[in-house]
1. So which of THR30, THR81 is hydroxyl-bearing (Ser, Thr, Tyr) and out of contact with any strand residue (DSSP E or B) (no Cβ under 7 Å at 6 or more places or on another chain)?
2. Across region 38-52, what is the number of residues that are assigned to a loop (DSSP other than H, G, I, E, B) and in contact with an Asp or Glu (Cβ under 9 Å, 6 or more places away or on another chain)?
3. Does PHE80 satisfy being over 17 Å from LEU28 (Cβ atoms), crowded, with 22+ Cβ neighbours inside 10 Å and either of a type in the set (A, V, I, L, M, F, W, C) or modelled with pLDDT under 90 (or both)?
4. Among (1) modelled with pLDDT of 95 or more; (2) surrounded by 14 or more Cβ atoms within 10 Å (Cβ to Cβ), there is one condition GLY53 misses while meeting the rest; what is its number?
5. Could you list, ordered by first residue, the pairs with Cβ atoms under 6 Å in which the first is in region 58-84 and of a type in the set (S, T, N, Q) and the second is buried (at least 16 other Cβ atoms within 10 Å of the Cβ), at least 6 apart or interchain?
6. Among (1) closer than 16 Å to LEU166 by Cβ; (2) at pLDDT 95 or above; (3) out of contact with any Ser or Thr (no Cβ under 9 Å at 6 or more places or on another chain), where does LEU87 come up short?
7. Does SER144 meet the test of being touching an Asp or Glu at 6+ places or on another chain (Cβ under 6 Å) and among the polar types (S, T, N, Q)?
8. Being of a type in the set (S, T, N, Q) and either farther than 8 Å from ALA161 by Cβ or free of Cβ contacts under 8 Å to residues at least 24 places away in the same chain (or both) is the filter here, so list the residues in region 90-113 that pass it.
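The values are calculated or read from the model by the stated rules, or taken from the named source; none is laboratory data. Not measured: the values here are computed from a predicted model. Cβ placement follows ideal geometry from the backbone for every residue including glycine, while neighbour counts extend to all protein chains displayed.
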Amino acid sequence: MRNQSIHWIFAVSAGISCAGTTQAAVELFTDFAEWQAAAGSYSTVDFTGFPMGTFITDQYSALGVAFTDGNDSIQLTPGFTLDGAGLDGNGPTDLAFVQSMTAFAIHFPGVAQVQLLSGGDSLYLSPPVSGGGAGALGFLGVISTRLFDAARLIDPVFGDADIDNLYFGPPIPAPATIVLLTFASILHKRRRRC
């Protein structure tokens, strides 16, 4: 039986302006390879290199993320099948990003939901996604058309948001930037021909 991935695209209210309601689309992925292809470049936090029970707060700030609730700890167990190391959220896990992001994902055991936030306002809450069962990890990834600067991970069944690996990606260049880069590329090619 072929493993089928699930994609959902949600339009969520992202704010109100004089012109009306601004919408942000969030695409949900349950297949890592498909999320990778859509996300482009991203950073990975694998939680290796720390002793069992280490509380994680700002150890990954150089990568661009901090764990802000103060009670997330390293667990070394075969249940984290990617590398034997993961994070026990001891409840929900709150993250703050150094710069705003557009892509976010986790490998996890059990059940997971992700909430994306910008300036403290909720932009999106995913439906619960179940892991693979019998020792297999689940995957939950999102890509948003609106920037977010924080995320909250929730296990709606057991309460502890366990994470094997965490992934997050930088913002997509603004359309004007893409147009300028394309124009610059065309000019550069023209000059080389002349």
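1. Going through THR30, THR81 in turn, the sole match is THR81.
2. 3
3. In short, yes.
4. Tallying (1) modelled with pLDDT of 95 or more; (2) surrounded by 14 or more Cβ atoms within 10 Å (Cβ to Cβ), GLY53 fails exactly one: (2).
5. Once the first residue is of a type in the set (S, T, N, Q) and sits in region 58-84, its partners that are buried (at least 16 other Cβ atoms within 10 Å of the Cβ) give THR68/ASP94; ASN71/ASN90; SER73/ASP88; GLN75/GLY86; GLN75/ASP88; THR81/LEU137.
6. The one condition LEU87 does not meet is (3).
7. Details: touching an Asp or Glu at 6+ places or on another chain (Cβ under 6 Å): no; among the polar types (S, T, N, Q): yes.
In short, no.
8. Passing the criteria: ASN90, GLN99, SER100, THR102, GLN113.
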